[in-house]
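A.B. asks: Right, I'll just put the structure down here and ask away after.
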Amino acid sequence: MRIFFYGLFKDESLLATKGIVPSTAKPGFVDGYGLRIGERATLVRRSDSRAYGVLMDIAPGEAAVLYAEESVADYVPESVLVELMDGMQIDAICYNLPADKVTGANEEYARALLELATRLEFPGVYLDQIRQF
């Protein structure tokens, strides 16, 4: 199963602590979505935005287990078209929060996400978006 991770789950070491080891992991982006950080991160539809993350292949059962955890149980799967850095486009699933569930703010999460996005060498304009949170 191809999953586009845009939050802290795009960190393979974090997934490994949950027993999930992706068979592939490639950075990419989805157009038409913007990052929103409330208590957790989510993507929201915005025609003029681009969100960066990592496309990973994991077992379908692993996604079900991962998103059954209480802290992320409200996320719902959505089909997206991911463009990899080499220009290849791949259909994937992205888990997002419904708009009415995006609340609050979490500066600690934003800082951790900024550190991860910097390490993954995402573009400066995207890093600036994360800094706004």
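A.B. asks: With the contact rule set at Cα under 8 Å and sequence spacing of 6 or more, what percent relative contact order holds for region 73-132?
C.D. replies: Computed value for region 73-132: 25 percent relative contact order.
A.B. asks: Straight-line reach from Lys10: which lysines fall under 17 Å, measuring Cα to Cα and dropping same-chain residues less than 8 apart?
C.D. replies: The qualifying lysines are Lys18, Lys26.
A.B. asks: Any chance you could look up the accessible area of Ser71 with a 1.4 Å probe, heavy atoms only, rounded to 10 Å²?
C.D. replies: 70 Å²
A.B. asks: Give the span of the chain's Cα atoms along each principal axis, as three whole-Å numbers ordered largest to smallest.
C.D. replies: Over the chain, Cα extents along the principal axes are 36, 34, 26 Å.
A.B. asks: Something else about it: Note down the relative contact order for the chain as a percent, whole number, built from C-alpha pairs under 8 angstrom at least six residues apart.
C.D. replies: Taking the mean separation of contacting Cα pairs over the length of the chain, I get 29 percent.
A.B. asks: Just the number please: accessible area per residue for the chain, 1.4 Å probe, all protein chains included, in Å².
C.D. replies: 52 Å²
A.B. asks: Report the GluC sites (Glu not before Pro) located in region 80-133 that are in a DSSP loop and have at most 16 other Cβ atoms inside 10 Å of their Cβ, or state none.
C.D. replies: Within region 80-133, the qualifying GluC sites (Glu not before Pro) (loop, at most 16 other Cβ atoms within 10 Å) are Glu121.
A.B. asks: So, one more: State the extension gain, in nm to one decimal, for the chain segment bounded by Ser71 and Asp31, taking 0.36 nm per residue of separation less the distance between their alpha-carbons.
C.D. replies: Full-extension gain reported as 11.8 nm.
A.B. asks: Just how large is the dipole of the chain about the Cα centre, in debye to the nearest 20, putting +1 at every Lys and Arg Cβ and -1 at every Asp and Glu Cβ?
C.D. replies: 140 debye
A.B. asks: What aspartates and glutamates could a cross-link reach from Lys101, if we take a straight Cα to Cα line under 13 Å and drop same-chain neighbours fewer than 8 places away?
C.D. replies: Reachable aspartates and glutamates: Glu39, Asp74.
A.B. asks: Sorted from largest down, give the three principal axis spans of the alpha carbons of region 5-45, whole angstrom values.
C.D. replies: 30, 23, 9
A.B. asks: Which whole-number percent gives the relative contact order of region 18-89, counting Cα pairs below 8 Å spaced six or more residues apart?
C.D. replies: Here the relative contact order equals 36 percent.
The values are calculated or read from the model by the stated rules, or taken from the named source; none is laboratory data. Since the structure is predicted, the reported quantities are computational estimates derived from the model, not experimental observations. Note: ideal-geometry Cβ built from the backbone for every residue, glycine included; neighbour counts use all protein chains shown. The protein model used for the area step is the full one, side chains on, heavy atoms only, and it has no ligands, DNA or RNA in it. Shrake-Rupley method; radii C 1.70, N 1.55, O 1.52, S 1.80 Å.
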